[in-house]
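Asks: Have a look at this one before I ask anything.
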Protein chains: 2
Amino acid sequence: MDFKVLDGGVCAAKGFRANGVYCGIKKPAADNGNQSLPHKNDLGMIASDEPCATVCVYTTNKVKGAPITVTKRNLEKTGGISKAVIVNSKNANTCNADGVEKAEKMCELAAAQLGIKPQEVIVASTGVIGQVLPIEPIAAGVEPLAAGLSYTGNEEAATAIMTTDTVKKEYAVEFEMDGAVCRIGGMAKGSGMIHPNMATTLNFITTDAAVSRDMLQKALDDIVKITYNCLSIDGDTSTNDMVCLMANGLAKNKPIAQDSDDFEIFKAALYEVMANLTKMLAKDGEGATKLIECECRGCRDTQTAITVAKSVIGSTLFKCAVFGEDANWGRILCAVGYAPAEFDINRVDVDILSEYGEIAVCRNGAGVDFSEEKAAEILKSDEIGVIINLNCGSCSAKAWGCDMTYDYVKINGDYRT
Amino acid sequence: MDFKVLDGGVCAAKGFRANGVYCGIKKPAADNGNQSLPHKNDLGMIASDEPCATVCVYTTNKVKGAPITVTKRNLEKTGGISKAVIVNSKNANTCNADGVEKAEKMCELAAAQLGIKPQEVIVASTGVIGQVLPIEPIAAGVEPLAAGLSYTGNEEAATAIMTTDTVKKEYAVEFEMDGAVCRIGGMAKGSGMIHPNMATTLNFITTDAAVSRDMLQKALDDIVKITYNCLSIDGDTSTNDMVCLMANGLAKNKPIAQDSDDFEIFKAALYEVMANLTKMLAKDGEGATKLIECECRGCRDTQTAITVAKSVIGSTLFKCAVFGEDANWGRILCAVGYAPAEFDINRVDVDILSEYGEIAVCRNGAGVDFSEEKAAEILKSDEIGVIINLNCGSCSAKAWGCDMTYDYVKINGDYRT
């Protein structure tokens, strides 16, 4: 299915305003030290003109950020309806004795500005774990934040959730259902402590499509499984991960309340947004110089394909080889071999590709002769593809990651300062 | 239990000779390029004066090196008796169409020199995956290799199995059983593609204790679980991992054939050797500057303790923080939180320690105030300890790893050349 790609991120869909400000949780830009972050906002907001059916998926980590606890409670109180989001970066508000209290306070502050109830606010935080969240800058910043909300404020919001991200991540598409023009747009933040098996990172997705909460949750669960959960930067599952999908119905399509052709269209559009945000997250992984996309084909079932593709993406050794532009395919096959899945290793084929070409490096589980020169040429690209074929079925899946670099070590050897 | 620590590695026990030579699989020392390896041997041998009861544990990777296949077959043929080991480094002889043939040839070459049967030889290889093993250098090198076998040749053998290792790893102890003086000694190689869930790396352990094969296997399985399998350098499970334990009975102790006090003594001695080799492997992890030892206490059962300790050791983010000497304990708690085990995260305590002191950083799942200066002082050590207390039981376990450094990336960005 082809979709019209739009600018506008979380403001692409009708009736969503957004904004971001610098309130003082991050160090001032001039004092950023060696990180020289290309952004300074640290407090963001999204507000919908109409109440939104809202669904989330959360981290599976036992340590859960206080904002996750509060957001869950709020959605329980309202029966899954929200009207706004408040989010800060640089401090995760996690593992703090007063975390829940502070997260609730953030909801109250936002609600007071917007004239809504605190439980109608989604709250999220990202950044350092275990440092007390200063509420004063947020209390002072929330007024200009709300006052500046606009239908074109998506970029300000998208930069407010960045931590070690080097670029903002936004994507939006337009599509038609039963004659109604609908839009889905989202923003996401990376770029470390990212690993499958949960909803990775902070992601906010807005749509003006009318979709019931049950079907919204079903769509989100299905698509998370094959997008964010197929992403790994460093194997660490964050404590604050959340994907939040808000639908305000302003597109006036015939509401989706069950499986239907429209629901399939909606899911395809949601996949388009989430898969593209996933790739942006992978490409901007901490210290990354190259995006790696691994597709596993010829599998008995989709879960096997996901498991194998993720195993390759997660191999630190292979990630280093990609950084070094070394066609060390043995490390790919090694990672295929330790993936917890059932298949015959002696039927496995491996190809490496990029915009500069494609080569076969392994057939039936054994190496084949290939030109090291051609391999070196292919690996010069900043987007490297790996195709694994298990040759035992017809299912496939993709996973995304990035190379492991000196800068990853540098960023994470000195993150708190 | 206290053991007398000996030099002598695999030659410490009575009746074991060893040797190592440079045969030409590695590049000549002068041509080592930027790796400047401090060793040049690439072919090693161990030979026992008497037949040995022999047990192994192997990698769980579906991709298994050809030497693993051949060693398994040999031990089946002889009913678990071996007389010698031949091992090469720099080439793993894995994923090659002629791998089994070459591994069998290595056994034949060794057997011919020693006047034994090919199936009485244990064969192992370590190095690059998927490059054809050149047999000519081995055929030429095996004669001087066997001719030079000696009761003090342990160091030559220990250096012959090194790849990116910067130091050889040997350990041996002496102990008494029923008045008989017994010895166990071993050698091991690291130092990348190392991850729990199998017998990590190549390890050869020799003993002159008389122990039946069944009890030998039982001892090895038990101790591997709490030593090598609690080690992670980079999360990658190698294709060629093997731990081989050979017992020739020359100590003339009353043979161990069932659970007994002697068996407990033997296991304690085996633990001593294997735990110390494990620490050496961790400390010499690729690019490592610091050893990390994580002990998890207060657990309902040992498996929980192992799972949690390994999760912390495996966190790339925490490993970077240790390299940067940053007391970023939130990353420890994050890794505790995503460990697949059942416990109450709100009861978890975390301490960080070294020879320079100890500090509490987390109590009941929340941060506590601590002196950053003292933390910085503690983290200057090259051996960092982490103690996790789940406060829900009496079992404990340790896991070992190392920091993640620029050099790890450098070594693995350019390993094949």
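The values are calculated or read from the model by the stated rules, or taken from the named source; none is laboratory data. Fair warning: this is a prediction, and the values are worked out from it, not measured in the lab. FYI the Cβ positions are ideal-geometry reconstructions off the backbone, even for glycines, and counts take in every protein chain you see. Please note that ligands, DNA and RNA were not included when accessible areas were found on the heavy atoms of the full protein model with its side chains. Shrake-Rupley method; radii C 1.70, N 1.55, O 1.52, S 1.80 Å.
Asks: Hey, could you check the stretch B:154-171 for residues that are under 15 Å from B:R17 (Cα atoms) and within 14 Å of the chain's Cα centre (by Cα) and say which is surrounded by the fewest Cβ atoms within 10 Å (Cβ to Cβ)?
Replies: The selected residue is B:E170.
Asks: Shifting gears a bit: Just checking, which of B:C402, B:C362 is touching a Lys or Arg at 6+ places or on another chain (Cβ under 7 Å), hydrophobic (A, V, I, L, M, F, W, C) and under 27 Å from B:I345 (Cα atoms)?
Replies: B:C402 is the lone residue from the list that is touching a Lys or Arg at 6+ places or on another chain (Cβ under 7 Å), hydrophobic (A, V, I, L, M, F, W, C) and under 27 Å from B:I345 (Cα atoms).
Asks: Can you find a residue that is at pLDDT 90 or above, part of a helix (DSSP H, G or I) and within 29 Å of B:S381 (Cβ to Cβ) anywhere in the stretch B:254-268?
Replies: Yes.
Asks: For residues that are in a helix (DSSP H, G or I) and over 22 Å from A:M162 (Cβ atoms), tally how many sit in the stretch A:50-69.
Replies: 1
Asks: Still on this structure: Only one of (1) open to solvent by 10 Å² or more (accessible area, probe 1.4 Å); (2) at pLDDT 90 or above; (3) not in a strand (DSSP E or B) is not met by A:N197, so which one is it?
Replies: Among (1) open to solvent by 10 Å² or more (accessible area, probe 1.4 Å); (2) at pLDDT 90 or above; (3) not in a strand (DSSP E or B), A:N197 violates only (2).
Asks: Is it the case that the stretch A:115-125 has a residue that's within 14 Å of another protein chain (Cβ to nearest Cβ), open to solvent by less than 10 Å² (accessible area, probe 1.4 Å) and at pLDDT below 95?
Replies: Scanning the stretch A:115-125, I find at least one residue that is within 14 Å of another protein chain (Cβ to nearest Cβ), open to solvent by less than 10 Å² (accessible area, probe 1.4 Å) and at pLDDT below 95, so the answer is yes.
Asks: Can I ask one more? Can you name every residue in the stretch A:391-416 that is under 12 Å from A:F323 (Cβ atoms), outside any loop (DSSP other than H, G, I, E, B) and either of a type in the set (D, E) or more than 14 Å from chain B (Cβ to nearest Cβ) (or both)?
Replies: Across the stretch A:391-416, the qualifying residue is only A:D407.
Asks: Are any residues in the stretch A:48-68 in contact with a helix residue (DSSP H, G or I) (Cβ under 6 Å, 6 or more places away or on another chain) and closer than 25 Å to A:G24 by Cβ, and if so, which ones?
Replies: Result: A:A66, A:P67.
Asks: Do the conditions hold for B:T164, that is, is it assigned to a strand (DSSP E or B) and within 14 Å of chain A (Cβ to nearest Cβ)?
Replies: Considered against the rule, which asks whether it is assigned to a strand (DSSP E or B) and within 14 Å of chain A (Cβ to nearest Cβ), B:T164 comes out as no.
Asks: Checking B:N19 against (1) open to solvent by less than 60 Å² (accessible area, probe 1.4 Å); (2) of a type in the set (S, T, N, Q); (3) modelled with pLDDT under 95, which single condition isn't satisfied?
Replies: Condition not satisfied by B:N19: (3).
Asks: Let me ask another. Could you give me the residue pairs with C-beta distances under 6 Å whose first residue belongs to the stretch A:146-158 and is among the polar types (S, T, N, Q), whose second residue is assigned to a strand (DSSP E or B) wherever it lies, and which are 6+ apart or on separate chains?
Replies: A:S150/A:R17; A:N154/A:A18
Asks: If you don't mind, there's one more thing I want to ask. Based on what the data block shows, is A:A47 farther than 20 Å from A:G20 by Cβ, touching a residue at least 60 places away in the same chain (Cβ under 8 Å) and part of a strand (DSSP E or B)?
Replies: No, not satisfied.
Asks: Among the residues of the stretch A:365-417, how many are in contact with a helix residue (DSSP H, G or I) (Cβ under 6 Å, 6 or more places away or on another chain) and of a type in the set (S, T, N, Q)?
Replies: 4
Asks: What number goes with the only condition from (1) at pLDDT 95 or above; (2) open to solvent by 20 Å² or more (accessible area, probe 1.4 Å); (3) in contact with a helix residue (DSSP H, G or I) (Cβ under 8 Å, 6 or more places away or on another chain) that A:A146 does not pass?
Replies: Condition (2) is where A:A146 drops out.
Asks: Something else now. Name every residue in the stretch A:69-104 that is aliphatic (A, V, I, L, M) and more than 14 Å from chain B (Cβ to nearest Cβ), in order of residue number.
Replies: Once the filter is applied, which keeps residues that are aliphatic (A, V, I, L, M) and more than 14 Å from chain B (Cβ to nearest Cβ), the stretch A:69-104 yields A:V70, A:L75, A:I81, A:A84, A:V85, A:I86, A:V87, A:A103.
Asks: Quick test for you: out of B:V181, B:V132, pick the one residue that is open to solvent by 10 Å² or more (accessible area, probe 1.4 Å) and assigned to a loop (DSSP other than H, G, I, E, B).
Replies: Result: B:V132 is the single residue among B:V181, B:V132 that is open to solvent by 10 Å² or more (accessible area, probe 1.4 Å) and assigned to a loop (DSSP other than H, G, I, E, B).
Asks: On to the next question. Condition check: touching a helix residue (DSSP H, G or I) at 6+ places or on another chain (Cβ under 7 Å) and either more than 11 Å from chain B (Cβ to nearest Cβ) or in contact (Cβ under 8 Å) with a residue 40 or more places away in the chain (or both). Does A:L291 satisfy that?
Replies: Yes; evaluated as a whole, the condition is true for this residue.
Asks: Now for a separate question. Would you mention how many residues in the stretch B:108-129 are at positive phi and assigned to a helix (DSSP H, G or I)?
Replies: 0
Asks: Here's a check for you: in the stretch B:93-114, which residue that is open to solvent by less than 80 Å² (accessible area, probe 1.4 Å), of a type in the set (D, E, K, R) and in contact with a helix residue (DSSP H, G or I) (Cβ under 8 Å, 6 or more places away or on another chain) is nearest to A:N364 (Cα to Cα)?
Replies: B:K102
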